[in-house]
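First the structure, in the form of structure tokens, and then the observations on it.
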Amino acid sequence: MSRNVISFNYTLKDKAGQVLDQSQPNQPLTYLEGSNTIIQGLETGLSKLNVGDMEEIIVRPENGYGFRDESQVDVISRSQLPVEEISVGDYFQAGNDAHAPVVQVVKIDGDNVTLDANHPLAGVDLFFSVELVGKREATEEELSHGHAHTEGGCCGGHDNGGCGCH
């Protein structure tokens, strides 16, 4: 089965209609199908569309960022943090490993800091207004690299561009 490179414009809203994110004008998001670049529920919805289609795609938590997991909330001592200055709402990586989770400071009580490793959109129904603006078969190079390439080749034709392709 062939895989496609898909380009789309989007506006993401929550249940109350508040805009959470959106693509920039004339800068659609482009991804390689099956590369786990976008959430599964959105990818499934987009795969059914043709170029020019405009659609509302609702993504439930189980096909988005999952459900909140209270075991991902932890209280630690301020001295255990990798930063000196912190404020509620700050995000930082919880370790030096590139795969260490990103956590958010949700409460500060004296020396105790409550951290939450849940994705901010965990447990949230997501409402995407999408317009499919491009769909083509992926090249062998894109398939071997595991991501879509922009015009000009890998990473827009920049020497490696920091993407790790080469």
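A short reminder: the numbers here are calculations on the coordinates, not readings from a lab. Please read all numbers here as calculations on a predicted model, not as lab measurements. No Cβ is skipped: glycine too gets one built from the backbone with ideal geometry, and neighbour counts run over all protein chains shown.
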query: If each residue's Cβ is checked for other Cβ atoms within 10 Å, how do T44, T114 rank with the fewest at the top?
result: T44, T114
field: Cα-centre dipole for the chain with unit charges at Cβ (Lys and Arg positive, Asp and Glu negative), debye to 20
entry: 340 debye
- prompt: Which of the lysines could a cross-linker bridge to K107, judged by Cα under 28 Å and excluding same-chain residues fewer than eight apart?
  reply: K13, K15
- request: Using only alpha carbon pairs under 8 Å that are at least six residues apart, calculate the relative contact order of the range 70-116 and give it in whole percent.
  value: 43 percent
query: Three principal axis extents, largest first, for the C-alpha atoms of the chain, in Å?
result: 55, 41, 30
statement: Scan of the chain for GluC sites (Glu not before Pro) in DSSP loops with at most 10 other beta-carbon atoms within 10 Å gives a longest site-free stretch of 1-83
statement: Under a Gaussian network model of the chain whose springs join Cα atoms within less than 10 Å, the largest fluctuation of D109, D21, D74 belongs to D109
For the range 70-116, projected area of the alpha-carbon convex hull averaged over all directions, nm²: 3.2 nm²
